[in-house]
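Q: First, the structure itself, so that you have it in front of you.
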Amino acid sequence: MTVDELFGALWQRYAALNPRAQEVHDLLEARGEKVVNDHVAFRTLNDHRLGLDNLAQPFLDRGYEPKDEYRFEQKKLFARYYAHEDEDQPKVFISELLLEECSPELRRTMEALIDQMTEDQLSDPMLLNMGRVWQTDFATYEKLYEESEYAAWLSAFGFCANHFTVFVNKLTSFDNLEELATFIEEAGHPMNRSGDLVKGSPDVCLEQCSTMATKLPVTFSDGTYELPSCFYEFAKRYEKPEGGLYQGFVAASADKIFESTNR
Ligand code: OOG
Ligand code: NI
């Protein structure tokens, strides 16, 4: 599988979970834009069999290298991004929940989900696109949600691209992110307004905004419930003072982007 085929397979599962992303993508292309991805993001747990390093492997095997790392104290997350030697390839942002910082109950719950996985699933290089690989119930989702929205999301959706991100520098018909956000909202897709609509600024060389995650029926052993699944993000990058476009992320902005899957 080439790197393009890998992103194609990831987009397929993602678009099924977030039909709004396909709609917005198609609206932009109908306007004459060519949509280019800035980054794709994944979520996992720091279990040694399915941590950030495990999810990164398919990218490392295809020319990606580890770059900067980020820490989210309150959300108990660690993240790293990966970039390809060819700068036209999307960056990959992977975060993981630090289980040792969570309550013993949360830890036991997540470990019980992992225990349902087969050896073949745990060692599958395409783990990152396998979706939910365990049975669980809505009562467990709600209990997890009280402590960690991130853990609850992972229990309901498992492994997939959490979001794709449009690289706004490549769009030609919008002057700024506010204009793009208005266009998306007028098409009926609510945006994440946690903090500000636009997170970041030219001063930190990165501006971002995102839709709220699409609500999708999720089947649990105790019923079917509509839950926020995946979202679509938009990023505009600025020149660093020393020259060249800034390639990294901004922790304060990322902290708010995570909230795009809040209920
Ligand atoms: C990741 C949130 C952070 C960014 O671009 O800063 C992020 C997530 O929601 O999993 O994507
Ligand atoms: Ni992102």
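Q: Within the chain, what percent of beta bridges assigned by DSSP are antiparallel, to the nearest 5?
A: Details: 34 of 46 bridges.
Taking every DSSP beta bridge within the chain, about 75 percent pair in antiparallel fashion.
Q: With a 10 Å radius around each residue's Cβ, average the other Cβ atoms per peptide and rank 112-121, 64-73, highest first.
A: Ranking the peptides 112-121, 64-73 by packing returns 64-73, 112-121.
Q: Further question on the same structure: With r defined as the distance between the Cβ atoms of Ser194 and Glu85 and R0 fixed at 45 Å, what FRET efficiency is calculated, to the nearest 0.05? Don't jump to the answer; show the numbers that get you there.
A: On the way: r = 34 Å, r/R0 = 0.76.
The formula returns an efficiency of 0.85 here.
Q: Using the Karplus curve 6.51 cos²θ - 1.76 cosθ + 1.60 with θ = phi - 60°, what ³J(HN,Hα) values do you get for each residue of the stretch 100-112, in whole Hz, with x for Gly and Pro?
A: Once rounded to whole Hz, the list reads 5, 8, 8, 5, x, 5, 4, 4, 4, 4, 5, 5, 5.
Q: Additional query: What figure in square angstrom, to the nearest 10, would you give for the accessible area of Asp196 with a 1.4 Å probe?
A: 110
Q: Can you list the lysines whose alpha carbon is less than 22 Å from that of Lys236, not counting same-chain residues fewer than 8 positions off?
A: Answer for Lys236, where 22 Å is the Cα cut-off: Lys34, Lys67, Lys91, Lys170, Lys199, Lys256, listed by chain and number.
Q: Run the simple label-point estimate for Gln12 and Glu185 please: 7 Å along Cα→C-beta, distance reported in nm.
A: Label at Gln12, label at Glu185, 3.6 nm between them.
Q: In whole Hz and in residue order, list the ³J(HN,Hα) couplings for the stretch 211-222 that follow from phi through the Karplus curve 6.51 cos²θ - 1.76 cosθ + 1.60, θ = phi - 60°; x for Gly and Pro.
A: Karplus values, whole Hz, x for Gly and Pro: 6, 6, 4, 5, 8, 9, x, 10, 8, 10, 5, 10.
Q: Further question: Please list 3J(HN,Hα) in residue order for the stretch 6-21, calculated via the Karplus relation 6.51 cos²θ - 1.76 cosθ + 1.60 where θ = phi - 60°; whole Hz, with x for glycine and proline.
A: The phi angles translate into 4, 5, x, 5, 5, 4, 4, 5, 4, 5, 5, 7, 9, x, 4, 5 Hz.
Q: If I model a spin label as a point 7 Å beyond the Cα along the Cα-Cβ vector, how far apart are those points for Ala139 and Asp68 in nm?
A: Between Ala139 and Asp68, the simple spin-label model gives 4.5 nm.
Q: Here's another thing I want to ask about it. For Met191, which sequence-distant residues (separation of 5 or more, or a different chain) have an amide H within less than 5 Å of its own amide H, given hydrogens modelled in the peptide plane?
A: So Met191 has HN proximity to Met212.
Q: On to the next question. Taking the alpha-carbon centroid of each part, what is the distance from the stretch 101-133 to the stretch 1-73 in angstrom?
A: Each part's Cα centre sits 20 Å from the other's.
Q: Here's another thing I want to ask about it. Under 5 Å between amide H atoms, partner at least 5 residues away or on a different chain: which partners does Leu216 have, H built in plane at 1.01 Å?
A: Hits under the 5 Å cutoff: Leu227, Ser229.
Q: Do you know the relative contact order of the chain, to the nearest whole percent, from alpha carbon pairs under 8 angstrom that are 6+ apart?
A: Relative CO of the chain lands at 21 percent.
Q: Now for a separate question. Give the cross-link partners of Lys75 among the aspartates and glutamates, using a straight C-alpha distance below 18 Å as the criterion and excluding same-chain residues fewer than 8 apart.
A: Output for Lys75: Asp47, Glu96, Glu100, Glu101, Glu105, Glu142, Glu146, Glu147, Glu149, Asp255, Glu259.
Q: Whose amide H sits under 5 Å from the amide H of Val166, counting only residues 5 or more places off or on another chain, with H placed in the peptide plane?
A: Amide H to amide H, under 5 Å and 5 or more residues apart or across chains, Val166 pairs with Asp38, Glu233, Phe234, Ala235.
Q: Could I ask something else about it? With all protein chains present, calculate the accessible area of Lys76 using a 1.4 Å probe and round the result to the nearest 10 Å².
A: 60
The values are calculated or read from the model by the stated rules, or taken from the named source; none is laboratory data. Here the structure is a predicted model, which is why all the values come from computation and not from measurement. Every residue, glycine as well, gets a Cβ built from its backbone with ideal geometry; the counts of neighbours run over all protein chains shown. Surface accessibility is based on the protein's heavy atoms, side chains included, excluding ligands, DNA and RNA. Shrake-Rupley method; radii C 1.70, N 1.55, O 1.52, S 1.80 Å.
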